[in-house]
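Q: Here you go, one structure.
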Amino acid sequence: MLSRRHLIALSAATALKPGLLREARAGAWPDRAVHLVVPIAAGGPTDTNARLVAEQLSKIWGQQVVVDNKSGAGTNIGNAFVAHSDPDGYTLLYGTSSLAANGALYRALDYNPEADFTPVSAVAKFPFFMFVPNSSPAKTVKDFIDDAKAHPGKLIMGSPGTGSGPHLAEALFMEMAKIKMTHAPYRGAAPAFVDLIPGRIDCYFGSGELLTFSRSGQVRVLASSGAKRSPATPDVPTVDESGVPGYVVDSWQAIFAPAKTPPDIVRAINAGVVRVLAEPALVDKLAHTAYTAESSSPDQLGKFLQADTAKWKAVIMSTGLKID
């Protein structure tokens, strides 16, 4: 039989159980590998950056952060996988700007881009760059527009997937430049660039990670999509100053957890990401490819996602772009 003293102690422990469990859970996390899902194929710039962050998080947390590429359907396969994963902090999403557009872009999704995720932290923001093969007659954005107008629907624009950030940037470019091109979606940036170099496609809007190809003379870069010239490419004009006034597209990468992930675990993940993005070596590595390292609080990321979702919804409605 239990003594009165034991009963009192048991009652007190039971009363404190929720608090004790939260403390134990936060203290124990992570006690095994964390999976960082990248909804884009391996080998592209998104995958590269995710692996840089994962490597540093592994060192901080003392547990392996494994990058899992689950590409396809305009990032929806990877997004949905994380949305339906256990909210325990062991499955995270390396999200892209597609998360802000997919709700308006697709007629049906099996996840809610806002309700099914818990924002953790921003990682980086960046412009896109307009690349063309060396065989292209276009030396400037104006040259390219003139060529597209002379051959409506004939030029092929590649993207890492339907509904991806580059695809939306290209769709907005077509609308504002008043041209028509044929869209060729790929499963990631790497296979698209394989076709761009020999001229099997005519243009590609890609991130600064791909500037290595223009720096080595394998392709030509015509412009950047940002509001101002990138410090990484001060000699490359913006699309806005190259003949498409008002054209500005900045993209981003961020980390999300499944909805209902405990706040203490979200704070622990956020602290790790913030620490990683303060490392000068990582900041410099990202800057070389025109990425700006930028962490945030979960609340800041949530508000940003809401604003960016509203922005891309307006663009998608304006362009009439819709995917079944």
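The values are calculated or read from the model by the stated rules, or taken from the named source; none is laboratory data. Because the structure is predicted, anything quoted here is derived from the model rather than measured. Ideal geometry is used to build each Cβ from the backbone, glycine not excepted, and the neighbour counts take in all protein chains shown. For accessibility, only protein heavy atoms count, side chains too; no ligands or nucleic acids. Shrake-Rupley method; radii C 1.70, N 1.55, O 1.52, S 1.80 Å.
Q: Hey, can you tell me all the residues within the range 254-269 that are within 17 Å of the chain's Cα centre (by Cα) and within 21 Å of LYS125 (Cα to Cα)?
A: The answer is ALA254, ILE255, PHE256, ALA257.
Q: Given the residues ALA169, ALA138, ALA189, which is the only one that is touching a Pro at 6+ places or on another chain (Cβ under 6 Å) and closer than 16 Å to VAL221 by Cα?
A: After applying the criteria, what remains is ALA189.
Q: Tell me the residue from ALA184, ALA190, ALA171 that is under 17 Å from the mean Cα position of the chain (by Cα) and within 26 Å of PRO39 (Cα to Cα), please.
A: Going through ALA184, ALA190, ALA171 in turn, just one is under 17 Å from the mean Cα position of the chain (by Cα) and within 26 Å of PRO39 (Cα to Cα): ALA190.
Q: In the range 108-132, which residue that is charged (D, E, K, R) and farther than 21 Å from PRO237 by Cα is modelled with the lowest pLDDT?
A: In this case the residue turns out to be GLU114.
Q: Checking SER230 against (1) of a type outside the set (D, E, K, R); (2) at pLDDT 95 or above; (3) surrounded by 15 or more Cβ atoms within 10 Å (Cβ to Cβ); (4) assigned to a loop (DSSP other than H, G, I, E, B), only one condition comes out false. Which one?
A: Only one criterion in (1) of a type outside the set (D, E, K, R); (2) at pLDDT 95 or above; (3) surrounded by 15 or more Cβ atoms within 10 Å (Cβ to Cβ); (4) assigned to a loop (DSSP other than H, G, I, E, B) is unmet by SER230, namely (2).
Q: Tell me which residues, restricted to the range 170-208, are open to solvent by 40 Å² or more (accessible area, probe 1.4 Å), in a helix (DSSP H, G or I) and of a type outside the set (D, E, K, R).
A: Those that are open to solvent by 40 Å² or more (accessible area, probe 1.4 Å), in a helix (DSSP H, G or I) and of a type outside the set (D, E, K, R): MET176, PRO191, VAL194.
Q: Now for a separate question. Of all residues in the range 119-144, how many are touching a helix residue (DSSP H, G or I) at 6+ places or on another chain (Cβ under 9 Å), open to solvent by 20 Å² or more (accessible area, probe 1.4 Å) and more than 16 Å from VAL38 (Cα to Cα)?
A: 3
Q: Only one of (1) at pLDDT below 95; (2) open to solvent by 10 Å² or more (accessible area, probe 1.4 Å); (3) among the β-branched types (Val, Ile, Thr) is not met by VAL249, so which one is it?
A: Unmet for VAL249, out of (1) at pLDDT below 95; (2) open to solvent by 10 Å² or more (accessible area, probe 1.4 Å); (3) among the β-branched types (Val, Ile, Thr): (2).
Q: Say we look at the range 300-311 and pick out the residues that are open to solvent by 20 Å² or more (accessible area, probe 1.4 Å) and of a type in the set (A, V, I, L, M, F, W, C); which of these is farthest from LEU172 (Cα to Cα)?
A: So the residue we want is PHE304.
Q: What are the residue pairs meeting all of these: first residue in the range 263-287, first residue small (Gly, Ala, Ser), second residue part of a helix (DSSP H, G or I) and open to solvent by 50 Å² or more (accessible area, probe 1.4 Å), Cβ atoms under 7 Å, and 6 or more apart or on different chains?
A: As it stands, the answer is GLY272/ILE60, since those pairs meet every condition given.
Q: Does the range 253-299 hold any residues that are crowded, with 20+ Cβ neighbours inside 10 Å, modelled with pLDDT under 95 and assigned to a helix (DSSP H, G or I), and which are they?
A: LEU286
Q: Here is a further query. Could you look through the range 54-88, keep only residues that are more than 21 Å from SER164 (Cα to Cα) and aliphatic (A, V, I, L, M), and pick out the one that is nearest to the chain's Cα centre (by Cα)?
A: This residue is ALA54.
Q: Here's a check for you: in the range 75-107, which residue that is small (Gly, Ala, Ser) and touching a Lys or Arg at 6+ places or on another chain (Cβ under 7 Å) is farthest from LEU172 (Cα to Cα)?
A: Step by step, filter the range 75-107, then rank; the result is GLY78.
Q: While we're on this one: For residues that are over 16 Å from the mean Cα position of the chain (by Cα) and not β-branched (Val, Ile, Thr), scanning just the range 312-324, find the one that is surrounded by the most Cβ atoms within 10 Å (Cβ to Cβ).
A: Once the filter is applied, the top-ranked residue is LEU321.
Residue-wise test of (1) surrounded by fewer than 22 Cβ atoms within 10 Å (Cβ to Cβ); (2) closer than 19 Å to TYR291 by Cα; (3) out of contact with any helix residue (DSSP H, G or I) (no Cβ under 8 Å at 6 or more places or on another chain).
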position: VAL38; (1), (2), (3): no, yes, no
position: GLY44; (1), (2), (3): no, yes, no
position: ASN49; (1), (2), (3): no, yes, no
position: SER58; (1), (2), (3): yes, no, yes
position: ALA73; (1), (2), (3): yes, no, yes
position: ILE77; (1), (2), (3): yes, no, yes
position: VAL82; (1), (2), (3): no, no, yes
position: ASP86; (1), (2), (3): yes, no, yes
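Q: Looking at the range 81-102, is at least one residue assigned to a loop (DSSP other than H, G, I, E, B), modelled with pLDDT under 95 and over 23 Å from PRO191 (Cβ atoms)?
A: No, every residue in the range 81-102 fails to be assigned to a loop (DSSP other than H, G, I, E, B), modelled with pLDDT under 95 and over 23 Å from PRO191 (Cβ atoms).
Q: Same structure, new question: Could you please let me know if SER225 is among the small types (Gly, Ala, Ser), within 18 Å of TYR291 (Cα to Cα), out of contact with any Ser or Thr (no Cβ under 6 Å at 6 or more places or on another chain) and open to solvent by 10 Å² or more (accessible area, probe 1.4 Å)?
A: It is false that SER225 is among the small types (Gly, Ala, Ser), within 18 Å of TYR291 (Cα to Cα), out of contact with any Ser or Thr (no Cβ under 6 Å at 6 or more places or on another chain) and open to solvent by 10 Å² or more (accessible area, probe 1.4 Å).
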